[in-house]
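**Student:** Pasting a structure here, questions to come.
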């Protein structure tokens, strides 16, 4: 029997800039009020090795190649030549930059659970670039970084949050940040409203 949709899990990490901007509570509130259930949370300072594992273990060489390809295309759109000879070299440079950013200071790692958890979190979070993220999203409302500014500073774009790209990614990422004993299993009263077919128990 298939797992109930309400059991879908996704990983969210409030990155060092989100912590430093004192946005932890605001970010959690945005996810919580949709009806998603928080089943794990901790604050830590990741090592650069752990951050590298986070990026590489999920996508591997195929991810590096694709990220490098997109970066090369972005250089070409601006009339520039990529400073790297191959897509793979470009991808590795991006991964190193991302890992340095993610390990720059304290982060808050969380697992959210609920129907369409991954898609909901990504919708609430907004696009990768804050400038082009919709108003109403976390990135669109709370930060102002752009690809142009990140490129000029030769750094990763500062966009407050990591959110799993899909359910498969989430299930690969979660064990990097949490052991099974750190993930709580409990009933939340609002689940009766969100998932109970007949809304049993409302009337006295």
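**Student:** Are any residues in segment 34-60 within 16 Å of residue 172 (Cα to Cα) and either touching a residue at least 40 places away in the same chain (Cβ under 8 Å) or out of contact with any helix residue (DSSP H, G or I) (no Cβ under 7 Å at 6 or more places or on another chain) (or both), and if so, which ones?
**Tutor:** Within segment 34-60, 40, 50, 51, 52, 53, 54, 55, 57, 58, 59, 60 qualify.
**Student:** Kindly establish whether residue 124 is assigned to a helix (DSSP H, G or I), touching a helix residue (DSSP H, G or I) at 6+ places or on another chain (Cβ under 9 Å), closer than 24 Å to residue 45 by Cα and touching a residue at least 60 places away in the same chain (Cβ under 8 Å).
**Tutor:** No, not satisfied.
**Student:** Please work out which residue is nearest to residue 108 (Cα to Cα), limiting yourself to segment 172-196 and to residues that are at pLDDT 95 or above and touching a strand residue (DSSP E or B) at 6+ places or on another chain (Cβ under 7 Å).
**Tutor:** 177
**Student:** Could you list, in sequence order, all residues of segment 71-107 that are assigned to a helix (DSSP H, G or I) and either loosely packed, with under 13 Cβ neighbours inside 10 Å or at positive phi (or both)?
**Tutor:** Passing the criteria: 73, 76, 77.
Conditions (1) at pLDDT 95 or above; (2) closer than 18 Å to residue 18 by Cβ; (3) touching a strand residue (DSSP E or B) at 6+ places or on another chain (Cβ under 8 Å), marked per residue:
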| position | (1), (2), (3) |
| --- | --- |
| 51 | yes, yes, no |
| 67 | no, no, no |
| 83 | no, no, no |
| 102 | yes, yes, yes |
| 106 | yes, yes, yes |
| 126 | yes, yes, yes |
| 129 | no, yes, no |
| 133 | yes, yes, no |
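The values are calculated or read from the model by the stated rules, or taken from the named source; none is laboratory data. Keep in mind that what you see is a predicted model, and the values were worked out from it rather than measured. Cβ sites come from the backbone with ideal geometry, for glycine too, and all protein chains shown count toward neighbours.
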